Structures are given as C-alpha cells and as structure tokens.
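As structure tokens, the structure follows; a few thoughts come after it.
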Amino acid sequence: MTSGVETALQVLEKQLNRPLETALEVCARCGICAEACHYYLAEPAPEHTPAARGEALRAAYRAEHDFLSRIFPRWTGAKKLDEATLAKLAETAFSRCTLCRRCTFNCPMGVDTPLMMRAVRAMATAAGAAPEILVMLADAAIEKGKDPSFFRDLFLEQMTDLEKELQAKVGDPQARLTVQRAGAKVLYVPLAGVHTILPPAIIFHVAREDWTLSIFEAANYGVFLGDTARAKEIARRIVDEAKQLGVREVVLAECGHAYAALRWEAPNWFGETFPFRVVSLVEKIDEYLEQGRLDLDPSSNRERITYHDSCNMARTGGVIEEPRRVLRAAVRDFVEMTPNRKDAYCCGGGGGLVALPEYQERRLKAGAPKARQIRETGAQMVVAACENCRLQIGELAHRYELGIEVSAVADLVVRALRLPPTRHEAERLFAGVEEPLPARKRPEGTAVG
Amino acid sequence: MTLLILTRLLALAALIFAVAAFTLRWRATMRRPLALDRSPAKGDPKSGVLYAFSLGMMPWAKESTRRHLLAYLRGIGFHVGIFAGLLALLVSPFWSWLPQAVLLAFAALTALGAAFGLAGEVMRWAERNLRRLSTPDDHASVLLVTAFLAATSAALAHPAWMPAMYLSGALLFLYAPLGKIRHCIYFFFSRLFFGLFIGRRAVVHPRSVTSRPSSVAGRG
C-alpha cells in the first residue's frame, strides 16, 4: 500500500461518522437517482449515475469494513483501494459531481452521495491527488488571513476611490464606504471585484444601514477540497474580524458556497454558535423590503427575467423564497424555470468546477439541462444569487447561444431603486418647502452581467 | 423430529442470530460520532423529519418517483410483501387461531410481494444501469427474499409448504445482516438525517412542499 493510499484511508476512517456510514450502507442500488443528476442527463451512461459514483467509494469501504466483503470481495463488489482507484475516485469527485444534492432529494432512501463525494475530496486532498489550483487558491486565502497588512493599504486606497463613485451614484456626498469600522452593526463580506461591493454599498446606503466592509473575501476554497482544516482557517479570517469589530450581523455577498460554509458549516467547525448572525445579501435585501427601507420601481427592469436557484443557496441553504420576493418587487416580468426551488437543476458550475479549466468541456456539457431550462422560459435575463453560477450560466449562454444576460439580484435591485431625498433635500422638505420632492432618478451605470 | 419442527427450530435460531447481528450493527453505528449542529436553525427539524417519513415518501413527492412510478410502486409492493411475510412467519405457530380471511390476505400480499421481487430481478438484468450497478449480493438478496415470500404465500395456502417457508426464512435471517439486506436498518438513519437537514435549513417549507411555477415555464 502506497503512502498516498494509506493517507486516504486514514482520512476516510477519521471522517466515518454516523451520516457517512449511513450513506455508505443504505443504497439499495435501485438506480432511480439517475435522471436526477445533470451529468447523467447530459451523458446518459451507467457510470454517470449518482449510485455508481457512490459505489466507487463503497467498494473501498467494504474492503476495509465488511465481513462478507473481506472473504468474498467479488460477491459484494468490494475492492481494496490502490493508487489507480484513488486517482479515479478523485477525478470523479472533483469533476463529475458538483455536490448539488439533487440526487439525495430524489432518492427514496435519501442517500447522501454528496457527503460521500466530499469524503473522497478530503481523501484526495490529503493524499495530494486534489486539483492543484484549488489547493493553491485555498492556501493563498489562508496566507492572506495571516498577514492582511500586506494588501490592506491598497484595498483602502481602492475603497476611497469607490466611495467617490458611491457618492456620485447615490447623489449624496455624505455617503460613506467604511472598511473594518468597529461598532458597525453589519459587516459585509464581498467577493473579489468591486462589482460585489458597489451595488450592495448603494443598497446599504439607501436602507440607511449601519455597515462596514470586510477586507476579506467570502469565497472558501477549502470547502471545495472537502478539507475542514483549510476551510476553517479561511472562515476564521471573517469570524475573527466580525468578533473584533463587534458586529451583530455578517452579510455575505451573493455566493452559494460561501453562504453554505459560513452560515451552516462554520459553527460546527469552530464548535460554537457565533455571537453574530450570518445572512446572505439576498436575505438582507428581502428584510429591507419587508421593513419598507427600500422603494423599488419594477418598471426599471422591463425584460423577462428568470431566477436560477443556486444549489448551495436553495437545496443546501434554504434561501428559496427570499430572492423570489425581491425579484417580484424589482422586475416587471418574472418567470420561473421548471423545475425550480429545491428541485432545480444544478448549472454544472458548482463544487468548485468553474475554477478548474481542465474540466471546462465536461462542465459545459453537464450544463445542458440548465441551458434547456433557461431557453424554455423565453427569458432575456437570468438572475442568480451565486457568483459561480453566474460565471457558468454566462458560459452556457455563449455555448448554447441562449441570447441572455446574467445578473446578480443586487444589480437588479439597484436598477430599480427609487432614491430617497438626500439629507440636504430632506432638510429643505422639513423646513416647509410646500411641494414634496419627487423620488430621484435611479443610479445610472450600475453593472449588470 | 419432523421436518416441520426441524425447519421451525432452524428458522428460530436464524432469527435470533439476525436480531443479535442487527443489534450489534445498530450499536456499532450508534457509536460513530454525530456532531451537534451548532448553526442556528432556520426552520423546524421536527417538521423536516416528519416530512421525510411521510409526505416525502409519497410517489408524487419526488421527480424520480414520478418519472419511474411503476418501478417505485413495484418497490413499495415488494416491501409491503416483505413486512407481511415476516409478520406471517412470526405468528405462524398461531395460524390456526386466525380467521381464514386474514390468512388469505397475507397469502395475497406475500404472493404479490414475490411477484414484485421477481419483477425487480428481471429489471436488474434488463435495465442497463441496474445491470451495471448490481453485484451478486444484490441478485442473491432479491432472490432470497422472493423465494421466502413465495414459500410463505404457498404455506399460507397449504400447510405442506410450511417447511419451505421456515427453511427460506432461516436462510434469509442468516444472510440479512451480512449482505445488502442490512440497508433496512440504515433506511431509518438516512431518512432521519435527511429530515433533520431539510427541516433545520427550512429547505422544505410547509407551504412549498412541491415546486409550483408562478407563471410561464418550460419543461426541464
């Protein structure tokens, strides 16, 4: 047995908790899960069924843990793990499963195949068989957390420029974009790129939120590796930042895996319930609408718009109705795909696949069911509350000639915003100006796509 | 000692073995760690578990079972037959006390179960995916259960088949904890974890159990 295989098996043993053992034991191999998987729909072959993917790990598990399999391995399909099998398993887990959970929801038993695939990812990462780019991205994020001073000044400089842009967009010189301000109520954690900072900044300003910006990014590549230690280190940057600033809420950029990681998994990695609430930007916007803190004009978004449920946001995260309420308030012609919500198809870009160029062709092929769904809605724009989904759908639009634009929820909200009076205008109003001021024009030039 | 008594004793010994083996396996699984979920719940875990064991098992609840309705109903029928067969076997010493109609009902259920089991085995050979997925353990498990159901049905119809029922039952009890049939105990774990997941995270809302498009939509 090579050291890589030995390490992989040790990681499997370490992970073997009650849910994982259940997933490894419960499958009756009825094959009913096949069409639930977008890989199978795009390429209907037995090896693309979720059951077959699970069997690949079960074969190794049985060889180690099952009495009958140790005596008659062929009888139960058991097979000792070797270097070649590990490489194949790793390739399957990283490129043929986006961890979307659609198979679990469609299985009469509820077999958690994504849990098994995450276990394989962890085994492969420990054995050095994970895609290098994911390891590099995760390690770079950890390094950034160790010494943020290295890039902090540059980031502050960029944000000073962006603050001016914010002021121009909202027509209010008092608008502020603060970074790591202690005592703020909300800490917003963006993704890489100002496109995930400016629209939320406009929304926070208009909603009169007491907010500040994180210097870190919400993305967590440790999750894609199935590596809890790395994922925890990446999450620690935000958790520590939020604790130090004393915020009451952490609002995450529109990013599916970041939400699933910090909202649902990180408390378990740290073994504590955080002293702050974790919500996605979409949930926050929904709250603002409910509280009457945002005034939207749906006629600003006239095109037919459909919503793609990110698997991490919807099936894994439970953020299902919030984006729909926001979109119904922000757009004029909203249509659903079929199926939708917890039954929605994965776009094919999940599980870190959009970051792996070596699997681009496979990824775009697996996105065919989603492309078909989008086309059938007749929508001109697809909205997704996840950056990876947006990247994938953008590529699908090109590959399958869908003729659509792709947008984040926040971008459409900004387009539909009716700006309230500025402080100066409000003072005039309260000073007895007879005619109430009309709502100002919405911010121009906010990015969509 | 008659053949009937011998096979009955054999079945009893095998049943004791099966119960002991399943108990050990259950305890071994319960000894595996199960971390406390510290993320604040968005929904109600109990509702999720209730859904997972009730509405979530209905044929219309999942796209897969809507698409493969006959295969799903076959599976349900097979498992109903199994429960009926096991119950009939357990109460077999008291059959003479039971009304004829009850015995006939059990005979019908087990006969149907056997037919569904046989159909399942045919499907395992006929359908490409199933053929590739199946191991000898799968075939043996289905055939063993099918034989037991057929023998039980026959025994309910005519006492001459009772030794066959006890013998096939003994084989089934001996094999069940060792092979694929043991998935029966993990079913409860699996649906429980699934229910807790969807309940805590409010993935299945009481008001949106099925996905209903609000307006125009295509077929996925």
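Taking region A:1-100 as the region of interest, the helices (runs of 4 or more DSSP H) fully inside it that hold 1 or more residues being at pLDDT 95 or above and within 19 Å of residue A:122 (Cβ to Cβ) are A:3-15, A:18-26, A:50-65, A:83-95. Listed by position, the helices (runs of 4 or more DSSP H) enclosed by region B:72-165 that each have at least 3 residues that are touching a Ser or Thr at 6+ places or on another chain (Cβ under 7 Å) are B:100-126, B:136-157.
Of everything in region B:135-153 that is within 13 Å of another protein chain (Cβ to nearest Cβ) and among the small types (Gly, Ala, Ser), the residue that is surrounded by the fewest Cβ atoms within 10 Å (Cβ to Cβ) is B:140. Within region A:126-142, being open to solvent by less than 20 Å² (accessible area, probe 1.4 Å) and assigned to a helix (DSSP H, G or I) holds for A:134, A:138, A:141.
As for region A:342-360, it holds at least one residue that is open to solvent by 10 Å² or more (accessible area, probe 1.4 Å), hydrophobic (A, V, I, L, M, F, W, C) and free of Cβ contacts under 8 Å to residues at least 60 places away in the same chain. Looking across region B:91-107, just one residue is under 30 Å from residue A:30 (Cα atoms) and without any contact (Cβ under 8 Å) to a residue 40 or more places away in the chain, and that is B:105. Within region B:154-187, the residues that satisfy the criterion of being open to solvent by 20 Å² or more (accessible area, probe 1.4 Å), small (Gly, Ala, Ser) and in contact (Cβ under 8 Å) with a residue 12 or more places away in the chain are B:157, B:164.
For the residues A:78, A:140, the requirement of being under 30 Å from residue B:65 (Cα atoms) and of a type in the set (Gly, Ala, Ser) singles out A:78.
The condition of being within 23 Å of residue A:330 (Cα to Cα) and surrounded by fewer than 20 Cβ atoms within 10 Å (Cβ to Cβ) does not hold for residue A:183. Only one of these conditions is not met by residue A:378: (1) on the phi > 0 side of the Ramachandran plot; (2) surrounded by fewer than 20 Cβ atoms within 10 Å (Cβ to Cβ); (3) free of Cβ contacts under 8 Å to residues at least 40 places away in the same chain. Which number is it? Condition not satisfied by residue A:378: (3).
Counting only residues that are free of Cβ contacts under 8 Å to residues at least 60 places away in the same chain and in a helix (DSSP H, G or I), which one in region B:25-56 is least open to solvent (accessible area, probe 1.4 Å)? The extreme case among them is B:28.
Beta carbons closer than 6 Å, at least 6 apart along the sequence or on distinct chains, pair a first residue in region B:188-203 that is under 21 Å from residue B:30 (Cβ atoms) with a second that is among the aromatic types (Phe, Trp, Tyr) for B:191/B:53.
The values are calculated or read from the model by the stated rules, or taken from the named source; none is laboratory data. Predicted model, so just to flag it, every value in this text is computed and none were measured. When we count neighbours, we look across all protein chains shown, and the Cβ atoms used for this are built from the backbone with ideal geometry, even at glycine. For accessibility, only protein heavy atoms count, side chains too; no ligands or nucleic acids. Shrake-Rupley method; radii C 1.70, N 1.55, O 1.52, S 1.80 Å.
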